[in-house]
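The values are calculated or read from the model by the stated rules, or taken from the named source; none is laboratory data. The model shown is predicted, which means the values in this text are computed figures rather than measured ones. No Cβ is skipped: glycine too gets one built from the backbone with ideal geometry, and neighbour counts run over all protein chains shown. These area figures cover heavy atoms from the full protein model, side chains too; ligands, DNA and RNA do not enter into them. Shrake-Rupley method; radii C 1.70, N 1.55, O 1.52, S 1.80 Å.
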Amino acid sequence: MARPRQRGRRLEADFTEDTVALVIDSYLAVASFPHCGLTVELFSRRWERRLGADARITGFMPFYMQFKRPSAYPGDSRAKVVLDRKRLNPPLTTMPQTFFFELRNKRTGQADYQHNILYRLRQRLVRWGLGDAAYVCPLFLEREAYRFHMYLCALRLWTRFGTLVPVSLGGVVIMDGGTASFSNIPILSEHVSIPPHKPVTTADHCYSFLPTGNEICFHSPEQVTQEPMKLDRWLDDLLSNTAGQQRLILREEAKSTLRQLLEPTQDDDALPYPQDLLANRDDIESWLAWGDYLWSEYEIQQYAFVRWED
């Protein structure tokens, strides 16, 4: 059985960020809410043949995830991340382990940190009611444990195939008593969702939390005052905002909304984007190109709740 890699007392997850992306994508790829005409799509050029020229899209709500893999120290470690938590007033719990993930440094040619791009993107999305953005990190260190929980999730939902309520597709609950929900997907509840809460000037920071996902700390250090949220609840909150057209980006407004999202505001600078992003593309295609750019340059995944014509 594979075990977390160990450097001194530091434990490293024995899987990669790409593994996390694959796990989440495998569940979201089949998410469908037929009673309200919604699907969840990876909104990038990889889906261009399906979405780019499809006039049946009436609106969408984008959301963004940057997948992380956890590291950990035992609660009695003298590591800085553990001592930081103990020195806060009041101190944060460190036992039995302190999980954490570090911010990514700039790559060659990047003008800003990945964290700041995610932060500024989220600020604008939330300010204008367009969507949300967050880090997503599993609450596992071992690949075998991760795989086992995926298996239990699929097995639990497999028994519901062929029933009328709730309806399931590929392990995703799409209706429960007439309401759409991700809350019955166990594997999603085993991921913590942490929105970036402040900009940084270096990458020498991390977010720490308990194996339950509680007591989140940003290592300046300071306790993050927002309530901890698991991925299933974060997705449910987003899904609830798709009821009615008022919170969706309508197809005919898509390009102007993207331009508003990218351009500088009184509060911050413009988000980086390729010069030809808004040139000679239709409304949906420009968003797909934006998603492709975010992934290739910053490894931020752009998803969307998509509403289709009946």
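Cβ-Cβ contacts under 6 Å between residues 6 or more apart (or on different chains), taken from a first residue in the stretch 139-152 that is modelled with pLDDT under 70 to a second residue that is open to solvent by 30 Å² or more (accessible area, probe 1.4 Å), are listed as HIS149/GLU190.
Quick check: anything in the stretch 163-180 over 23 Å from SER240 (Cα atoms) and at pLDDT below 80? Yes, that holds for at least one residue. Among the residues of the stretch 234-269, the one identified as modelled with pLDDT under 90, of a type in the set (A, V, I, L, M, F, W, C) and outside any loop (DSSP other than H, G, I, E, B) is LEU239. For first residues located in the stretch 296-310 and more than 11 Å from SER44 (Cβ to Cβ), partners that are part of a loop (DSSP other than H, G, I, E, B) and open to solvent by 30 Å² or more (accessible area, probe 1.4 Å) and lie 6+ apart or on another chain with Cβ distances below 6 Å form the pairs TRP308/ARG56; GLU309/ARG56. In the stretch 265-289, the residues that are within 18 Å of GLN302 (Cα to Cα) form Cβ pairs under 8 Å with partners that are among the aromatic types (Phe, Trp, Tyr) and open to solvent by 30 Å² or more (accessible area, probe 1.4 Å), at six or more places apart or across chains, as follows: TYR273/TYR293; PRO274/TYR293; LEU277/TYR293; LEU288/TRP47. The residues of the stretch 280-299 that are open to solvent by 50 Å² or more (accessible area, probe 1.4 Å), more than 19 Å from TYR64 (Cβ to Cβ) and either assigned to a helix (DSSP H, G or I) or of a type outside the set (Asp, Glu) (or both) amount to a single one, ASN280.
Right, PHE209: buried (at least 18 other Cβ atoms within 10 Å of the Cβ) and either of a type in the set (D, E, K, R) or under 21 Å from TYR113 (Cα atoms) (or both) or not? So PHE209 fails the test. Residues in the stretch 72-126 that are hydroxyl-bearing (Ser, Thr, Tyr), outside any helix (DSSP H, G or I) and out of contact with any strand residue (DSSP E or B) (no Cβ under 7 Å at 6 or more places or on another chain): SER77, THR93, THR94, THR108, TYR113.
Somewhere in the stretch 199-216, is a residue at pLDDT 90 or above, under 30 Å from PRO34 (Cβ atoms) and either outside any loop (DSSP other than H, G, I, E, B) or touching a helix residue (DSSP H, G or I) at 6+ places or on another chain (Cβ under 8 Å) (or both)?
Checked against the condition, which is being at pLDDT 90 or above, under 30 Å from PRO34 (Cβ atoms) and either outside any loop (DSSP other than H, G, I, E, B) or touching a helix residue (DSSP H, G or I) at 6+ places or on another chain (Cβ under 8 Å) (or both), the stretch 199-216 yields no hits at all.
Of everything listed in (1) over 18 Å from ILE24 (Cβ atoms); (2) in contact with a helix residue (DSSP H, G or I) (Cβ under 9 Å, 6 or more places away or on another chain), the single unmet condition for LEU294 is (1).
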